[in-house]
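S.K.: For reference, the structure I am asking about is given below.
The values are calculated or read from the model by the stated rules, or taken from the named source; none is laboratory data. Source: prediction; values computed, not measured. FYI the Cβ positions are ideal-geometry reconstructions off the backbone, even for glycines, and counts take in every protein chain you see. Accessible surface areas use protein heavy atoms only, side chains included; no ligands, DNA or RNA. Shrake-Rupley method; radii C 1.70, N 1.55, O 1.52, S 1.80 Å.
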Amino acid sequence: MLKAKVYVTIKQSVLDPQGVAVQGALHSMGFQEVESLRIGKYMEVELNTDDREEAEARLKVMCEKLLANTVVENYRFELEG
Amino acid sequence: MRFAVLVFPGSNCDIDCYKAVEQTVGEPVDYVWHTATDLSAYDAILVPGGFSYGDYLRCGAISRFAPVMSEVAKAAEQGKFILGICNGFQILTEAGLLPGALRRNESMKFRCHDSVLKVVNNETPFTRHYSEGQEIVIPIAHGEGNYYCDEETLQQLRDRNQIVFTYSDNPNGSVADIAGICNERGNVLGMMPHPERAVSSLLGSEDGKAMFTSIIQTWRDTHGAASVR
């Protein structure tokens, strides 16, 4: 059994209105040191395989096909176990 | 000429689309469930607005893999007319039938009001009953209608006349004020505003009617007689 942590983030060149809103909230709470804030997605995926190489290849396809929209998002993942 | 209105779990403009076809052109129209695997009976396919699959993950990301979508791709290839409205537009971009992606509105607000659109390209099967540069009033209702594509894609859209509608007063931050685009061939169109909600003066505008009459006119030109009410 392998566990993957998948992180999907909005590309730097693309505006993240959610992040801007949360940054604004932090500023209004007095956290002026927040220079920028971006919101992404975190997913935990459990795979019923022990083959790391195979798992990585499959995860890449999952990310490219569904988990991230590569027009506006980047992704990375970590395999554990 | 037969119209299909696709229905995904979470579609909520399917009835509006159905009624718009019924009332503007009076041609046969069916609801087609997202599990359907045959669209061969239809000449035009409407992908309606709503929140398919709860918009989970991303708008349109999950619907794009519904069984009916491979049929939509086939139909697009055959040159049939595909119109994606709002969530339908998001689904068509996710499916790769149209370039780009829809992001959250720059204003961070869900925008729900009439919008003034400029008809940039009146040579598509969907817009021939408008004139070039005509301003029309079509309502919008979306939180994620901020059209994005990279510079290179934008240039291609311009060069190939694929920008069909632009906003007069950009409500969401879309690149180049884009409200609707078509594919290179012109038979697949996606737009955030809702023409199906602008087919009667009772609704505030009749400016959406011409999209439906344009489709039928184009079809008649290539298929000979079809009854138009």
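S.K.: Would you confirm whether any residue within segment B:146-154 is under 18 Å from the mean Cα position of the chain (by Cα) and more than 24 Å from residue A:66 (Cα to Cα)?
M.R.: No, the conditions are met nowhere in segment B:146-154.
S.K.: Could I ask something else about it? Go through the residues of segment A:63-75 one by one and say whether even a single one is farther than 30 Å from residue B:173 by Cβ and either more than 11 Å from chain B (Cβ to nearest Cβ) or acidic (Asp, Glu) (or both).
M.R.: no
S.K.: Moving to a separate point now. Give me the residue from segment B:168-183 that is under 15 Å from the mean Cα position of the chain (by Cα) and not aliphatic (A, V, I, L, M) and, out of that set, farthest from residue B:121 (Cα to Cα).
M.R.: Restricting to residues being under 15 Å from the mean Cα position of the chain (by Cα) and not aliphatic (A, V, I, L, M), the top hit is B:183.
S.K.: Taking the conditions exactly as written (touching a helix residue (DSSP H, G or I) at 6+ places or on another chain (Cβ under 6 Å), closer than 24 Å to residue B:171 by Cβ and modelled with pLDDT of 95 or more), does residue B:83 satisfy them or not?
M.R.: The answer is no for residue B:83.
S.K.: Another question, then. Collect the residues in segment A:38-54 that are open to solvent by 80 Å² or more (accessible area, probe 1.4 Å), within 14 Å of residue A:73 (Cα to Cα) and assigned to a strand (DSSP E or B), keeping them in residue-number order.
M.R.: A:42
S.K.: Let me ask something else about it. If you take the residues in segment B:130-166 that are touching a strand residue (DSSP E or B) at 6+ places or on another chain (Cβ under 8 Å) and polar (S, T, N, Q), which one is nearest to residue B:194 (Cα to Cα)?
M.R.: So, considering only residues that are touching a strand residue (DSSP E or B) at 6+ places or on another chain (Cβ under 8 Å) and polar (S, T, N, Q), the one nearest to residue B:194 (Cα to Cα) is B:166.
S.K.: Quick check on segment B:154-164. Is at least one of its residues farther than 19 Å from residue B:123 by Cβ and within 12 Å of chain A (Cβ to nearest Cβ)?
M.R.: No - not one qualifying residue is present in segment B:154-164.
S.K.: Please determine whether any residue of segment A:23-36 is within 25 Å of residue B:60 (Cβ to Cβ) and open to solvent by less than 90 Å² (accessible area, probe 1.4 Å).
M.R.: The answer is no; no qualifying residue exists.
S.K.: For residues that are within 12 Å of another protein chain (Cβ to nearest Cβ), within 16 Å of residue B:186 (Cβ to Cβ) and open to solvent by less than 20 Å² (accessible area, probe 1.4 Å), tally how many sit in segment B:79-111.
M.R.: 1
S.K.: Could you tell me whether any residue of segment B:119-142 is over 13 Å from the mean Cα position of the chain (by Cα), within 21 Å of residue B:56 (Cα to Cα) and either surrounded by 24 or more Cβ atoms within 10 Å (Cβ to Cβ) or of a type in the set (D, E, K, R) (or both)?
M.R.: no
S.K.: In addition: Looking at segment B:143-183, which of its residues are surrounded by 14 or more Cβ atoms within 10 Å (Cβ to Cβ) and among the acidic types (Asp, Glu)?
M.R.: B:144, B:150, B:177
S.K.: Can you pull out every residue in segment A:4-37 that is part of a loop (DSSP other than H, G, I, E, B) and within 17 Å of the chain's Cα centre (by Cα)?
M.R.: A:11, A:12, A:13, A:14, A:15, A:16, A:36, A:37
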